[in-house]
Structures are given as C-alpha cells and as structure tokens.
Amino acid sequence: MSTTTTAVPEKLWSGGKSPFKVEYGKLMMWYFLMSDAFTFGAFLIAYGTTRFATNGWPNPNEVFKSYPFAGENSHAPLVFVSIMTFILIISSVTMVLAVQAGQQMNKNKVVINLILTILGGAAFLSCQAWEWTHLFHEGAWWGRNPFMNADGTQSTTGFTNFFFTITGFHGFHVFSGVIINIVMLIMTLTDKFEKRGHYLMIEKAGLYWHFVDLVWVFVFTCFYLI
Amino acid sequence: MEHTAVAEHHGGGTKEVIKVTIILSVLTVIELALGFAMMGMEQGSSLKLAIKGTIVILMLAKAFYIVGYFMHLKHEVKNLIMTIVVPLLLFVWFITAFLFEGNSFKHLKNTYDPYKKELSTKKAEKKEETKEIKTEEKKKAVE
C-alpha cells in the first residue's frame, strides 16, 4: 500500500479520487470510534488519577474471586473474568470472518458468523450480569464499598463507583453492538446487501464490534489485573 | 466504482486471522499467568510494579493486533493510519499528567491534612459488623 502512496504523492490530494481509499461511512465510523476512545480514555484516566490520589486500594483478587454455581466462600480469582475475555476475543474473530465472507459475497458464511458473534456478545453480557448481581449481593454498588483495602484499612467508594461506571459503559457498548449485529443479520437474511451488491455495512458494524473488544482489553487490565 | 476498489485492498485472509487469534490468546494467557504470579507478592514491591508494567506493555501489544489486523487499519492507506493514530498520541500526555497530578494530590493531602491521613491508616472494622449493617440496610430497602 505504501509504495503506491509514495509513488504518486501529489496526485493523492489533487481531487478526483478518495485520498483515504475508504468509503465515507467507514471513515466516519473511524472518527466516531476515535471520539469514543477519548471518552473511555477519560474514564480510565479519571480512575487512574483517583487511584493514585488515594491511600490504599482494594486488591482485585480479593474482590473478583467468585464464579457461577460456586459456594459462598469460593476463592478463584481471575478465573471468571478470563472466560469473559476469551468469549469476547472469539466473538471478535467470528466478526472478522463475517466481514471476510461479506467481501467474498458469501451470504451463508456471513449469516453463520454473524449468529456466532451475536451469541458471543450475549454470552459476555450474561457473564457481566451475573458478576454485577453477585457484587450487588455482596453489598457493592455506586456509593457503597464493602471491600477493604489491600492493607486492611477502610476503603473509599472510588473503587466501586469507577468499576460500575466503566464496566457499565462498556457493557452498554456490547449491548448496542449486539443490537447492531442483529440488525445486520436481519438485513443479510432479507438480501438487502445482495441487492446493493456489497456487504460494506458489515464492515462498519465489524469496526464497532472490534472496538468493543479493544476497550475490554483495557478495562480488563485496569480493573482485574493491575 | 469506489466500492470495487475498496473491496480489493484486503490483505492476509483467513490465515492472518488465525495467526492473530493465536497471538491474542497467547498474550492473554501470559497476562493471566503474570496476574496469578502477582497474587502472593507484597503490596507495592518493585517486582510487583515491574510485572504490572509488563502487563501494560502486553495490553498495548494486544491493542495493536486488534486495531491493526481485526480492524484492518494496518492494510489501509498511510494517510488514514496517521489520521487515526496521531490524535491518540495525546493520551501519552493525558496519562502522564493526570497520574502525576493524582500522586501529587495524595502527598499534599497526607502532608497538610494529618487527621485524614490518620483516618486512612486506621484498620477497617471487622467484616461481620459491616455485614450486619448491610443486612439492616437491605431490610430497610426492602421495607
């Protein structure tokens, strides 16, 4: 790609062609995702600032240590969240496959991969719903923090406030991503894209879905690992 | 016309997807292994900080593979790559400035508000007491 751009540098911006070589909607999706990245970035930086400004902080391994169908005193940190992470990665992979199938105009493959992606998104949302419910029953919510700091001192509500706000905002993104994918599936099944002659809409939905996966990489690291 | 040109410039294909999937999984497994290794360590020890730094680097590597290959940015025109990536460099300054600021605020508070510092070093009450309060609150909420 770079060879063609360096070979004709003046011609690229001289009009008559698309200098970015992507269609309008895709470029706008990129710009939207950039603004969304700044929103999430602002949230996570606010979390980091508060954490740096506070004496003591809860140990994530003491907070996120349970999983469904386990007893009250189960101690399995990182296990459940790693499952959630892999679910999201795999659903991202099936989304790529759907996009590629769309480029090959292979309707059946698009449908199968979209369904798998939607299932992955729904599975992730279910995991998150379980985790929120579990934490709520432990007494955690906005403005309430039952967990002690790692050094045994009383902790502030900063931890739970940021956790529920940021994972909630991410979960809302996953939810809207699932809705978008369902719309894409309906449009594929009703042959909308076949009539248009291209599956470019799937690529835009794919960009959004990958972005959701990308944000989870950061949220997962910031809240569960570090 | 434009659409056919767009559809043509994709690299890699299924092989690339499989490769990137494996890389992402391996990076995640390494992250988790480091997370497990960190558990027994003392709070704030330098080894723990080093591991946390490593995890952040692995996180950035994962972000690179997702954006570059899954979101296809690596195969786009250089102009587009620059349009997306250069503004994001602002984050380098944001993170540095805000974390520095937060740390400074903590030190100022601890120096000039000793009462608050004393409060924050007090050990928390026993868990059972807080649990009782919680159940009382819950009962109230139910009523």
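Please list the non-local residues whose amide H lies under 5 Å from the amide H of A:Thr153, H modeled 1.01 Å from N, same-chain partners needing a gap of 5 or more.
Those lying under 5 Å, H to H, from A:Thr153 are B:Ala124.
In nm, to one decimal, how far is the modelled label at B:Thr14 from the one at A:Lys192, with both set 7 Å along Cα→Cβ?
2.8
Can you give the Rg and Dmax of the protein assembly as shown based on its C-alpha atoms, in angstrom?
According to the Cα coordinates of the protein assembly as shown, Rg and Dmax are 23.3, 75 Å.
Could I have the simple spin-label model distance between B:Val56 and A:Ser74, label points 7 Å from Cα toward Cβ, reported in nm to one decimal?
It works out to 3.3 nm between the two label points.
Which shape class applies to region B:1-88: rounded if a/c is under 1.5, otherwise prolate when a/b exceeds b/c and oblate if not, where a ≥ b ≥ c are the square roots of the Cα gyration tensor eigenvalues? All intermediate terms of the calculation are to be shown ahead of the outcome.
Details: a/c = 6.06, a/b = 2.24, b/c = 2.71.
Note, shape of region B:1-88 comes out oblate.
Apply 1/(1 + (r/R0)^6) to the Cβ-Cβ distance of A:Trp142 and A:Asp36, taking R0 = 22 Å, and write down the FRET efficiency to the nearest 0.05. Mind showing how you got there, number by number?
Working: r = 22 Å, r/R0 = 1.02.
Between A:Trp142 and A:Asp36 the formula returns 0.45.
Say the cut-off is 23 Å between C-alpha atoms; which of A:Lys107/A:Lys204; A:Lys17/B:Lys15; A:Lys65/B:Lys117; A:Lys192/B:Lys19; B:Lys48/B:Lys74 go over it? If you can, show how the numbers build up before the last one.
Values: A:Lys107/A:Lys204 17 Å; A:Lys17/B:Lys15 31 Å; A:Lys65/B:Lys117 30 Å; A:Lys192/B:Lys19 32 Å; B:Lys48/B:Lys74 34 Å.
Too far apart for the 23 Å limit: A:Lys17/B:Lys15; A:Lys65/B:Lys117; A:Lys192/B:Lys19; B:Lys48/B:Lys74.
Could you give the dipole magnitude of region B:1-88 about its Cα centre, charging the beta-carbon of Lys and Arg +1 and that of Asp and Glu -1, in debye to the nearest 20? The partial results should precede the final answer.
Working: 7 positive and 6 negative charges, 46 e Å.
In total the dipole reaches around 220 debye.
Could you give the length gained on full extension between B:Asn79 and B:Phe91, defined as 0.36 nm per residue of separation minus the Cα-Cα distance, in nm? Write down the numbers at each step before the final one.
On the way: separation 12, 0.36 × 12 = 4.32 nm, distance 2.02 nm.
Stretched out fully, the B:Asn79 to B:Phe91 stretch lengthens by 2.3 nm.
Regarding region A:24-225, what is the average projected area of its C-alpha convex hull, in nm²? Numbers along the way, then the final one.
Values: hull surface 47.3 nm².
That works out to 11.8 nm².
Which whole number gives the average count of other chain Cβ atoms within 10 Å of the Cβ atoms across peptide A:85-96? Mind dumping the intermediate values first?
Details: counts 6, 5, 0, 0, 9, 3, 0, 7, 7, 1, 1, 10.
Mean inter-chain Cβ contacts per residue within 10 Å come to 4.
Using the Karplus equation 6.51 cos²θ - 1.76 cosθ + 1.60 (θ = phi - 60°), what ³J(HN,Hα) coupling, rounded to whole Hz, does each residue of region B:70-86 give in order, writing x for Gly and Pro?
Computed from phi, the couplings for region B:70-86 are 5, 8, 6, 5, 5, 8, 8, 5, 4, 4, 5, 4, 5, 4, 7, 7, 4 Hz.
Would you grab the residues whose amide H sits under 5 Å from the one on A:Arg144? Only those 5+ places off in sequence or on another chain, please, with H modelled 1.01 Å from N.
none
Mean residue ellipticity at 222 nm from the helices of chain A, using -39,500 (n - 2.57) per DSSP H segment of n ≥ 4 over the full residue count, to the nearest 500 deg cm²/dmol? Write down the numbers at each step before the final one.
Working: 8 runs with 153 residues, N = 226.
Dividing the helical sum by the residues of chain A leaves -23000 deg cm²/dmol.
How large is Rg over Rh for region A:1-131, taking Rg from the Cα atoms and Rh as the Kirkwood inverse mean of 1/r across Cα pairs?
Working: Rg = 22.0 Å, Rh = 19.4 Å.
Checking Rg against Rh, the ratio lands at 1.13.
Where a number appears in this text, it was derived from the coordinates with a stated rule and is not lab data. A quick note: this is a predicted structure, and the numbers were derived from the prediction, not measured. In this analysis, Cβ positions are derived from the backbone assuming ideal geometry, glycine residues included, and neighbour counts consider all displayed protein chains.
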